[in-house]
Every structure is written in C-alpha cells, then in structure tokens.
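Right, one structure below, let's go through it.
Readers should treat all values here as calculations from the given coordinates under stated rules, not as data from a laboratory. What you see is a predicted model, and the numbers here were worked out from it, not measured in a lab. Using ideal geometry, Cβ is built from the backbone for each residue, glycine included, and neighbour counts are taken over all protein chains shown.
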Amino acid sequence: MSSKLTLPFIFSALIFLIHLNFSSGQTVVKAAYWFPDSGFPAASINSSLFTHLFCAFADLNTTTYQVTVSSSNSAPFSSFTQTVQQKNPAVKTLLSIGGGNSNPATFAAMASQATRRKAFINSSITLARSYNFHGLDLDWEYPSSTTEMTNFGTLLTEWRTAVANESKTTGKTALLLAAAVFRSADYYSINYPFQSISNSLDWINVMAYDFYGPGWFPNNTAPPAALSASSVNGDAGITSWIKAGLAPKKIVLGLPFYGYAWRLLDANNHGIFAPANGSGIGTYGDQGYSQIKDFISQNAAQTVYNATVVTNYCYSGKTWIGYDDTQSISAKVSYAKTTKGLLGYFAWHVGADSSNWALSQAAASTWG
C-alpha cells in the first residue's frame, strides 16, 4: 500500500474535521416556526416553551440570488431575537429562507451555478448576523430531480464551509444550519444527498404533515399527519431517513398545529376515510388549532382520538376535521424521544396554538 495520501482520503479527513468543528452540541430541539402573516405578534410568543424559534420567511431574489427580507418584514425580523429572548434569554433563533409559497425553480436556478450559490450563501450569513440570528434554515420545497438534489448537496457543503470560515474569521460562534425537508428520505423516488446533509447540517426538520387534505384528497376524510397505520405516515418517513444513514440525532420531527376540514357525504358516516366531498370549511379546509377548538365549542362537535393512527378528529353535522390535539402531540413527541431517539420536534406554526399554549405545553412536558 502506498504511503502517499490520496485526494479522496484528504477530502474525507477535511469533511470530518469540519463536522467536528461545527457540531452544535445540541441535546434537544423543541422548536416552532413564527411568521408575521399569521397576525400573531412575536412579542406574545411564550418562548419559555421552546429551545429554538424559526422566523419565517426570508426571500430569494430571482435575479441576484441573494437572500432578502421584504420591507414589511424588516422591522419584526430584525428585532425577533431580542423580542423572544425577553421571556427566554436562552432561546436560539434561526432565519428561515423560502417556504411553501416560494418558487422552487428559483432555488433550483440558484443552486445550479457556483456564483449564484456564493451570492445566496454570503448574503444569508450577512443577513443572519445583522439581524442577530443564531442560525439559518433552508426551506426549499422541493428539489425535484436528480440534478437538483446533487446541486442541493453541493450548496449545503459550500454553505457549511462558508459558515465555518466566517466563524473562524470573526471569532463568533458558528451559525446553526438546518433545512426543512420532505416527509421521507426520497422525494417520490429521488433520493436526498444524505452524505452532504449529514456532513453539513446541524439537523433536518422533517415535515411529517400535509399527508392528506381536501384540496388534493377530496373524496374521503383522512388523517393529515398520521404517525402510523396509514398508507402515508410519519413513522415510515422517519424510518426511511434513518435507514438512509442519517443519525437520529440529526432528525427533528414536524408537528402540525393545524388541521383540515372535509365535508361528509353522510353525517352518520364520520370515521377516518369516510366518504366526503371536498373542503368542509373555506376553500382549502385548513384550520389552525385555536380555530378548531372554537369550532368544537361552538358546534358541540364530537371528538375522537385514534391511538393506532395517532390522530385526532372531530365532527359536527357534515363537517369533519382531522388534526392533532394534546393526545396525538404527546404520543408523537414520546415516539420522537423514546422510540426513535431523535433530536427533537418542531411545530408549524406557533401562532395557531396561542390561545392557551396547550399543544406547546403538551410537547414540552412530554419531552421533559
């Protein structure tokens, strides 16, 4: 065997050293997203219930590929960290970039060229520092081809290197890096870049929700975020990430603080997967937890917890709502901590639980 160090060996060693350098030392993530369009002020967040809070969303410029914040969000974003630390000085904040309403083609275009990736990376670090965030979160929904997944991995590798270099140059603690990802380790058979994710991110936020909704599954009621015993479920997704080689302590389980409403065809047939005809409330059927609790109270709705599927639902007349209540939230957090040994959980979104913090308290107390 040659005594010379090969380039692959040197590269692997460098990646290992970078990994050691950026290790966040996080023992748990109890997190939630906040966004100003929810109408819920950041100052009202009970931040004592969280270890991390995500401020959503920064934008990606379609021509410069720099990360920006709209003029309307500049004030609340720039003061977010200071605001939430008033109730919990230890809480960490991350600026989230993208989101479900952003154009995935813009992210694909950015990640496809080195100069564009550099523009994204440098501007994201500058913005995070100027707004006093502790980290950055990429929410690209979703890389949808093999090439895009490869470019996504390259972006993460370069992002981590830049963050490490900035930390070394400034003497500041390295920014945390996270990413919100699809419910499973492949996006409809297209694999995520597992090694780049493992080497470059502090953790991933697995969006284990939006499995069913009346907008795309109109003909039957369904559990929007089933943990098990459903053709699409959270456990299958989490298990796929672990089987792909990602350490459980790199994985954070997503919890929905909202649900979806269907309109039953027959008010007397009201179980899970009962026949339905589209949305039961509004255009899309989406309802925040506080709204759902109001519906239950105002309509004397019947409530059911299904421990096998791990979901709650309620019904009144022909309106049927699938959602997570304290029982399913507690069961999912217990699953994340005890069954799978994950790093923690996050919720979308904090404003939906603001009436009495029941879900956030249930999650925090279950984890301990």
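A few notes on this one:
- With a cut-off of 9 Å between beta carbons, the residues surrounding SER102 carry a summed charge of -3, where Lys and Arg count +1 and Asp and Glu -1.
- Listed by chain and number, the lysines whose alpha-carbon sits under 17 Å from that of LYS30, ignoring those within fewer than 8 places in the same chain, are LYS87, LYS92, LYS249, LYS250, LYS332, LYS337, LYS340.
- Listed from fewest to most Cβ neighbours within 10 Å, the set PHE54, PHE120 follows the order PHE120, PHE54.
- With Rh defined as the Kirkwood radius, the inverse of the mean 1/r over Cα pairs, the Rg/Rh of segment 278-368 is 0.99.
- Listed by chain and number, the aspartates and glutamates whose alpha-carbon sits under 17 Å from that of LYS168, ignoring those within fewer than 8 places in the same chain, are GLU158.
- Across segment 148-290, Cα-Cα distances exceeding 27 Å account for 38% of all pairs.
- Values of log10 I(q)/I(0), in the order q = 0.19, 0.23, 0.26, 0.27 Å⁻¹, for segment 30-103 under a Debye, Cα-only, solvent-free model: -0.75, -1.03, -1.24, -1.31
- Segment THR283-SER365, extension gain: residue separation times 0.36 nm, minus the distance between their alpha carbons: 26.0 nm
- Dipole moment magnitude, nearest 20 debye, the chain about Cα centre, only Lys, Arg, Asp, Glu C-beta charged: 960 debye
- Between 0 and 90°, nearest 10: helix 7-22 axis offset from the chain longest Cα axis: 60 degrees
- Percent breakdown of C-alpha pair distances by 5 Å bin, ordered from the shortest bin, for segment 137-198: 4, 18, 27, 22, 12, 9, 6, 2, 0
- Angle in degrees between helix 114-130 and the longest Cα principal axis of the chain, rounded to the nearest 10: 70 degrees
- Span from the segment 169-230 Cα centroid across to the segment 242-302 one, whole angstrom: 18 Å
- The tail of the calculated P(r) for segment 98-162, taken as Cα-Cα distances beyond 19 Å, holds 29 percent of the pairs.
- With a Förster radius of 51 Å applied to the C-beta separation of ALA90 and ASP59, the computed FRET efficiency comes to 0.95.
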